[in-house]
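Q: Would you mind keeping the following structure in view while I ask a few things?
The values are calculated or read from the model by the stated rules, or taken from the named source; none is laboratory data. The structure presented is a predicted model; accordingly, all values stated were derived computationally and were not measured. Methodologically, a virtual Cβ is constructed for each residue, glycine included, from the backbone with ideal geometry; neighbour enumeration extends over all protein chains shown.
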Amino acid sequence: MHKSSTRSWAEPFKIKMVEPVFMTNYEQRQKFIEDAGYNTFLLRSKEVYIDLLTDSGTSAMSDRQWAGMMMGDEAYAGSENFYHLEAAVQKYYGYKYVIPTHQGRGAEHLLSKILIKQGDFLPGNMYFTTTRLHQELAGGTFIDVIIDEAHDPESEFKFKGNIDLQKLKDVIESKKPENVPYICVATTVNMAGGQPISLHNLKEVRKMADQYGIAIVHDMTRVAENAFMIQQHEPGYLNKSVAEIILEICSLTDHATMSAKKDALVNIGGFLATNDDDLYTEASNWVVVYEGLHTYGGLAGRDMEAMAIGIAESVQDDHIRARVGQVHYLGERLLEFGVPIVRPLGTHGIFLDAKKILPHVSQDNFPAQTLAAELFLDSGVRAMERGIVSAGRDEKTGKHNYPKLELVRLTIPRRVYTQAHMDVVAESVNEVYLNRDKIKGLEMTYEPKYLRFFQARFRKL
Ligand SMILES: *Cc1c(COP(=O)(O)O)cnc(C)c1O
């Protein structure tokens, strides 16, 4: 294997089953996007040619995983598949205990409920929507302690997921350690564009946590992608395997929540993991209330089997190199075309800078929403808005929140699309970019009260 050479990253698998997708023409797409109110969330999957809405639950499973699905032990208690999952979590992540949950937020719910008391503060390397909401519902307040570079799309810093140690120290001292039950460390940081944290930084965070007697909770949704970036870019790790680096990351943390729909290559599932006997006992009690018995947590036996096998596949160097390689291939093609995107390239998607691409569309006319709709019109590629629509309104003033960034996220499912698909995407983005002067913005015709980006409707100006 060529770890850091210029040799190609081709996939370590071949294709044995295909799912036909629908090729559409411009007139059809015009009707589809109009009917969807210019919101890609309201398109039917059938109307989409290449679906880059999310990498969550959209991976292709391997023949081994599908074979594992046939070995589902659908017993209510003590399913054999649970023990396979437990063994995989212990072997590849190093945590002592695992409690399955229906997906990542199920684990976040249990953990927040147990560890957070009213008035607590939770420092973390940028928020994630469900994580923050569960912290708040448990009575806590999230505080962002990520480094400033993470908020700057121009910064080329390689580890934008790092925690600012001074910010962390200030939070702990000003809020008092007894009101900070844990520090949340995400690998990689989704909302920063899939940016990794370095092992050097994590070790420093561990030191500070120990100094104050505070736990570290690991949001390990994309830990394999983070480990690959450490292998490639952090001095001293090029000769370590991704699997070894993952174990080192996990060993520096106390508890973990996992959305297995991302790195672990399954369509549904997640878990809570911990090294702490007491937390395990309490969580295995609560899981019965909210998810199911502690040996299935809302999952079928077959889903736990697919997860156990997916975890083993996800830590292989060849797999993760091709996964991140494909994302970077798309990013590099766009850079060659001169399309403004967020840098450095993240590990699960590419983010188009809609403010730079459509400077003549004011933020009140939704540049990122407009760009995502235009991309669908051009080629049937579905992307997601991450700009003013997603940012919602200020609760007090009722005015739009005006985020600094207007982004369109092209998220790549794992093992699903080919390099030729990535070429189609890059060429389509470039076509839209070349015709950007003709593009006009949108106006909102329907605005739901909560999480408006999912269901808002628009019309063309
Ligand atoms: C997806 C995600 C979650 C939540 O997981 P679900 O499986 O969607 O409930 C938590 N944290 C991060 C970083 C994620 O990307």
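Q: Any residue at all in region 230-247 that is among the polar types (S, T, N, Q), in the same structural domain as I143 (by TED's automatic domain parsing), more than 19 Å from L122 (Cα to Cα) and within 16 Å of the ligand (Cβ to nearest atom)?
A: So far as region 230-247 goes, no, none of its residues is among the polar types (S, T, N, Q), in the same structural domain as I143 (by TED's automatic domain parsing), more than 19 Å from L122 (Cα to Cα) and within 16 Å of the ligand (Cβ to nearest atom).
Q: Could you check, for region 8-28, whether at least one of its residues is buried (at least 16 other Cβ atoms within 10 Å of the Cβ), in contact (Cβ under 8 Å) with a residue 60 or more places away in the chain and over 30 Å from L85 (Cα atoms)?
A: Yes; the residues of region 8-28 include at least one that is buried (at least 16 other Cβ atoms within 10 Å of the Cβ), in contact (Cβ under 8 Å) with a residue 60 or more places away in the chain and over 30 Å from L85 (Cα atoms).
Q: Quick test of your reading of the structure: I216 fulfils all but one of (1) buried (at least 22 other Cβ atoms within 10 Å of the Cβ); (2) within 30 Å of I412 (Cβ to Cβ); (3) β-branched (V, I, T). Name the failing condition by number.
A: Status for I216: all satisfied but (1).
Q: Confirm whether I197 is within 15 Å of the ligand (Cβ to nearest atom) and at pLDDT 95 or above.
A: So I197 passes the test.
Q: Of the residues T257, T295, only one is crowded, with 18+ Cβ neighbours inside 10 Å and either over 28 Å from K158 (Cβ atoms) or basic (K, R) (or both); which?
A: Exactly one residue qualifies, and that residue is T295.
Q: Given the condition out of contact with any His (no Cβ under 6 Å at 6 or more places or on another chain), among the β-branched types (V, I, T), in a strand (DSSP E or B) and at pLDDT 95 or above, answer yes or no: does some residue in region 342-361 qualify?
A: Checked region 342-361: at least one residue is out of contact with any His (no Cβ under 6 Å at 6 or more places or on another chain), among the β-branched types (V, I, T), in a strand (DSSP E or B) and at pLDDT 95 or above.
Q: Can you tell me which residue in region 113-150 is nearest to N226 (Cα to Cα), limited to those that are polar (S, T, N, Q) and within 13 Å of the ligand (Cβ to nearest atom)?
A: Top of the filtered list is N125.
Q: Pull out all pairs, ordered by first then second residue, where Cβ-Cβ is under 9 Å, the residues are six or more apart or on different chains, the first lies in region 251-262 and is farther than 13 Å from T58 by Cβ, and the second is near the ligand (Cβ under 7 Å from one of its atoms) and charged (D, E, K, R).
A: Cβ pairs passing all conditions: A256/D219; T257/R105; T257/E108; T257/D219; M258/D219.
Q: Looking at the structure I just gave you, is A322 touching a Ser or Thr at 6+ places or on another chain (Cβ under 9 Å), assigned to a helix (DSSP H, G or I) and at pLDDT 95 or above?
A: So A322 fails the test.
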